[in-house]
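Please read the structure below before turning to the comments.
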Amino acid sequence: MHETKDEFITHLTMAQPSLWAYVLSLLPDHVAAQDVLQETNLTLWRKAGNFQPGTSFIAWACQVAYFHVLSYRRRMRRDRLVLDDSVLAYLAERQAERAETLDNRLAALRGCLEKLPEASRRLLQERYAPGGSVKDLAESDGRSVAAVSQVLYRIREKLLSCIETAQAAGGMA
Amino acid sequence: MSKRAELGELLRRLSDGDLSPEDAARLNELLHGDPVACERYLDHLTLEAHLRTEFGGQRLDPAALPEFVRNAAAPPAPAQRVPLAAARWLPYVTAAAVGALLLLAGLLTWQALHDPAAPSVAAETPQRLDPASVATLLFADDCQWAEQEKFVEGQRLAVRPLKLQRGLAVLRFDGGAAVVLQGPTDLDLLSRVSTRLTSGRLTVRAPEEAAGFTVRTPASDVVDLGTEFCVAVERNGATELQVLEGEVAYGKPESPDDSVQLLRAGQGVRYDLPRQPSPRAVPVNAPRFAELLSQARTSPREDLLLVHEPFHYPLGRVPLAEANGGLGWGGPWRLSPGAKLNGAAPDLTIVEAKLKINWPVRGGRGPMLEAPADYQSRSRPLAEPIRLDQDGVYYISVLTRWDAPAPAPNQPVPAIRMVLRSSSNFNGDRVMFNLPHFLRPQLDLRNGAIFTSPQTVAANETQFWVGKIVARRQGEDEIFFRVYGEGEALDSIEPADWNVQSTGIQSDAQLDLLLLTKFAGGTCYWDEVRIGKSWRAVVPTEKAQ
């Protein structure tokens with residue numbers, strides 16, 4: 001390894017949110033994606049010597065993650081795979097290109113979340129906390145699953161729109 | 001509904017975990033060749049990931065993580081907690097170890113933040129029960145399971161608790177780690193890369209590619225770094241960890257500020273109580289993984305043999321009606337439907353000493369079947385069918401050697417095959433173990449369902465073929481195929497690596513015919529056809545390897 005361990009760890013740590021987003025996009029099952037992220041992190045650590053300082057860490061990390069995604073897919077039941085091979089290959093390439101800017105989207109999201117009404121933010125909190133599900137949320141709220149699903153859908157659309165606006169403005173919303 | 005609205009609806013279902021296979025197919029159609037739709041999909045999934053990051057139990061600020069790992073206490077030796085920043089112990093720990101420690105601190109935290117399916121050590125039961133298989137029972141010696149449960153070797157295991165009251169069992173997790181359980185042991189299979197040990201003893205062997213395998217215990221989480229280790233948990237929660245080879249990291253993911261420690265080969269620690277913050281050092285005295293296996297009885301299981309054809313017939317030509325020996329057959333050999341004789345007699349040709357048997361297995365040394373140039377196919381009915389419509393595990397093996405000819409124009413592709421078919425639907429679903437002239441093992445299960453190994457096997461060598469059929473009444477059937485060459489040692493228990501395996505196949509076929517088929521010239525030899533309920537029934541190695 002040409003750079004210090006500390007520098008490598010900093011790269012790896014900083015890359016986690018984008019790497020997680022990359023893996024989840026290609027393997028849209030958060031339990032499987034978590035397994036693959038863990039495998040990827042260990043491979044990155046073991047192959048740290050292959051990383052060339054001065055080149056893009058996240059691009060290299062995405063390459064490694066992609067191989068782990070493919071390997072995981074080979075072991076998964078076919079009917080549990082959401083994406084076809086051809087679609088997957090395109091999405092992988094495109095998301096790797098976007099990876100450098102995913103941190104900006106996360107920063108923009110944080111600004112957008114602050115603008116959300118408290119009730120909406122709380123709903124997201126309950127949905128995306130560990131173990132959260134639309135069904136549980138509906139039961140605890142006494143609402144129908146369909147209703148909660150639609151509310152969440154609208155909140156996400158609003159957030160996506162807010163993130164786009166922030167990106168276009170070059171700011172953090 | 002417009003395509004845009006339809007995509008939005010499918011993404012909503014994906015987020016809710018409510019996407020049906022039909023929905024997934026439609027989603028792929030909408031994404032295929034449409035960059036705008038793909039961009040929307042990626043925006044949506046990126047938002048999903050970021051929302052999990054933001055609300056995953058603790059706000060994760062990437063800028064703060066390096067600070068966190070630097071602050072993580074990491075003593076170099078058991079029971080001596082020293083701040084990582086303190087340089088005085090650095091000479092005692094390699095740079096790699098420090099790095100691994102920091103990384104593992106991050107990994108444990110990251111996993112705790114993002115993996116609701118991987119509950120913390122405090123949780124009593126898995127929070128998510130996934131019907132998909134995560135591990136295989138490779139071996140069971142004199143095992144008694146709780147509540148009279150019966151598990152057979154080769155059985156696939158889903159996320160579930162396992163209570164071994166007596167005996168020794170070996171599991172392989174789909175992530176690659178192999179685990180020896182010694183009864184009495186209670187554990188939960190959590191995922192393909194993790195398990196929780198409630199009580200008892202596990203010995204884990206995880207090759208480098210399986211690094212990251214995690215054992216959760218009442219006192220600590222143990223993350224393997226490509227190694228062999230033993231974990232024992234007593235009834236009161238006292239937990240002991242001994243590293244037999246390589247390194248492991250252990251820590252408490254629910255307490256990111258707590259220590260994540262690295263333990264190397266020859267080191268052991270013990271928590272006398274689950275909540276004890278720091279363990280004390282203990283000597284390493286646990287037996288190695290291979291030692292445990294060698295003590296186990298890995299002898300052949302002829303009692304689990306269902307079908308056997310040793311070709312113990314007189315040398316020379318044997319009329320089909322007289323080729324009626326062996327075990328588990330429903331009648332003598334016959335000409336397969338559709339096979340042509342081209343003027344030759346239908347008899348079997350029996351020869352001897354045409355195979356080079358380096359393995360400590362039965363068969364391959366006495367009489368065997370020769371398939372001369374004009375041979376196409378012979379078949380034999382099974383006394384009992386192999387039922388893909390019921391839960392069950394079958395293994396099948398054969399010894400063979402084939403001098404593969406070059407393919408000729410307008411001729412069938414040269415290949416040799418061992419095939420299981422249904423007599424009532426001969427061209428329907430089948431299980432075909434196929435070796436084409438380009439020497440990459442194949443599984444052919446129905447029209448349009450052919451799986452080809454990326455690996456090429458050696459030409460004109462004696463080979464030992466082993467197939468595995470995991471049949472399910474409901475859900476996917478799984479078929480595996482492994483070809484051992486002359487230079488390869490046979491595994492005494494089922495290996496992790498197969499040349500090729502099926503995915504996405506569900507069938508209710510009842511396969512009651514076995515065929516040995518050769519296409520397009522060349523001479524081939526077959527011997528010792530076996531079908532059984534266990535690896536050891538069809539790979540009858542005389543002594544543990």
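The values are calculated or read from the model by the stated rules, or taken from the named source; none is laboratory data. Quick caveat, the model's predicted, so the values are computed rather than measured. Note that each Cβ is placed from the backbone with ideal geometry, even for glycine, and that neighbours are counted across all protein chains shown. Calculation scope for accessible area: heavy atoms of the full protein, side chains included, ligands and nucleic acids excluded. Shrake-Rupley method; radii C 1.70, N 1.55, O 1.52, S 1.80 Å.
The residue that is modelled with the lowest pLDDT, among those in the range A:1-17 that are part of a loop (DSSP other than H, G, I, E, B) and open to solvent by 50 Å² or more (accessible area, probe 1.4 Å), is A:Met1. If you go through the range B:373-422 and keep only what is over 20 Å from B:Leu439 (Cα atoms) and hydroxyl-bearing (Ser, Thr, Tyr), you end up with B:Ser379, B:Tyr394, B:Tyr395, B:Ser422. Kindly provide the set of residues from the range B:146-189 that are under 16 Å from the mean Cα position of the chain (by Cα) and in a strand (DSSP E or B), ordered by number. B:Arg156, B:Leu157, B:Ala158, B:Ala169, B:Val170, B:Leu171, B:Arg172, B:Phe173, B:Ala178, B:Val179, B:Val180, B:Leu189, listed by residue number. Look at (1) under 28 Å from B:Lys354 (Cα atoms); (2) small (Gly, Ala, Ser); (3) in a loop (DSSP other than H, G, I, E, B) and you find that B:Gly467 fails only one, number (3). Given the options A:Leu91, A:Leu102, A:Leu109, A:Leu27, name the one that is facing chain B (nearest Cβ under 7 Å), open to solvent by less than 40 Å² (accessible area, probe 1.4 Å) and under 30 Å from B:Asp477 (Cα atoms). The unique qualifying residue is A:Leu91.
Checking each residue in the range B:223-237 for being in contact (Cβ under 8 Å) with a residue 24 or more places away in the chain and either closer than 17 Å to A:Asp35 by Cβ or open to solvent by 10 Å² or more (accessible area, probe 1.4 Å) (or both) picks out B:Val223, B:Asp224, B:Leu225, B:Ala232, B:Glu234, B:Arg235, B:Asn236. Among the residues examined, A:Ala32 does not qualify as part of a helix (DSSP H, G or I), small (Gly, Ala, Ser) and more than 27 Å from B:Asp18 (Cβ to Cβ).
Just one of the numbered conditions (1) modelled with pLDDT of 90 or more; (2) among the charged types (D, E, K, R); (3) in a loop (DSSP other than H, G, I, E, B) is not true of B:Asp497: (1). Scan the range B:358-388 for residues that are part of a loop (DSSP other than H, G, I, E, B) and open to solvent by less than 30 Å² (accessible area, probe 1.4 Å) and the total you get is 7.
Is it the case that some residue within the range A:77-84 is more than 20 Å from B:Asn28 (Cα to Cα) and either of a type in the set (D, E, K, R) or surrounded by fewer than 21 Cβ atoms within 10 Å (Cβ to Cβ) (or both)? Within the range A:77-84, none of the residues are more than 20 Å from B:Asn28 (Cα to Cα) and either of a type in the set (D, E, K, R) or surrounded by fewer than 21 Cβ atoms within 10 Å (Cβ to Cβ) (or both). Meeting the requirement of 1 or more residues that are out of contact with any Lys or Arg (no Cβ under 7 Å at 6 or more places or on another chain) and modelled with pLDDT under 85, the helices (runs of 4 or more DSSP H) wholly within the range A:84-173 are A:85-98, A:118-128, A:134-141, A:145-169.
Within the range B:298-349, the set of residues being of a type in the set (Lys, Arg) and either in a strand (DSSP E or B) or surrounded by 13 or more Cβ atoms within 10 Å (Cβ to Cβ) (or both) comprises B:Arg301, B:Arg317, B:Arg334. Restricting attention to the range B:1-28, the residues being more than 9 Å from every other protein chain (Cβ to nearest Cβ) and either over 17 Å from A:Leu81 (Cα atoms) or more than 31 Å from the chain's Cα centre (by Cα) (or both) number 9.
Residue by residue, here is whether (1) in the same structural domain as B:Ala169 (by TED's automatic domain parsing); (2) open to solvent by 10 Å² or more (accessible area, probe 1.4 Å); (3) assigned to a strand (DSSP E or B); (4) touching a residue at least 40 places away in the same chain (Cβ under 8 Å) holds:
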| position | (1), (2), (3), (4) |
| --- | --- |
| B:Val457 | no, yes, no, yes |
| B:Glu478 | no, yes, yes, yes |
| B:Leu490 | no, no, no, yes |
| B:Thr503 | no, yes, no, yes |
| B:Asp512 | no, yes, yes, yes |
| B:Leu515 | no, no, yes, yes |
| B:Trp526 | no, no, yes, yes |
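If you go through the range A:59-66 one residue at a time, do you hit one that is closer than 20 Å to A:Gln38 by Cβ and more than 18 Å from the chain's Cα centre (by Cα)? Looking through the range A:59-66, none of the residues is closer than 20 Å to A:Gln38 by Cβ and more than 18 Å from the chain's Cα centre (by Cα).
Which of the residues that make up the range B:29-44 are in contact with a Leu (Cβ under 8 Å, 6 or more places away or on another chain), at the interface with chain A (Cβ under 8 Å from one of its Cβ atoms) and open to solvent by 10 Å² or more (accessible area, probe 1.4 Å)? Scanning the range B:29-44 gives a single hit, B:Asp43. Which of the residues that make up the range A:104-120 are within 18 Å of B:Thr46 (Cα to Cα) and touching a helix residue (DSSP H, G or I) at 6+ places or on another chain (Cβ under 8 Å)? Of everything in the range A:104-120, those that are within 18 Å of B:Thr46 (Cα to Cα) and touching a helix residue (DSSP H, G or I) at 6+ places or on another chain (Cβ under 8 Å) turn out to be A:Asn104, A:Arg105, A:Leu106, A:Ala108, A:Leu109, A:Arg110, A:Gly111, A:Cys112, A:Leu113.
Filtering the range B:389-398 to residues that are assigned to a strand (DSSP E or B) and either open to solvent by 30 Å² or more (accessible area, probe 1.4 Å) or out of contact with any Asp or Glu (no Cβ under 9 Å at 6 or more places or on another chain) (or both) leaves B:Gly392, B:Tyr394, B:Ile396. Of all the criteria given as (1) open to solvent by 10 Å² or more (accessible area, probe 1.4 Å); (2) touching a residue at least 24 places away in the same chain (Cβ under 8 Å); (3) facing chain B (nearest Cβ under 8 Å), the one not satisfied by A:Ser56 is (3). Every condition in (1) in contact (Cβ under 8 Å) with a residue 24 or more places away in the chain; (2) surrounded by fewer than 20 Cβ atoms within 10 Å (Cβ to Cβ) is met by B:Asn499 except one, and the failing one is (2). Screening B:Arg280 with (1) open to solvent by 30 Å² or more (accessible area, probe 1.4 Å); (2) under 17 Å from B:Ser492 (Cα atoms) gives one miss only, at (2).
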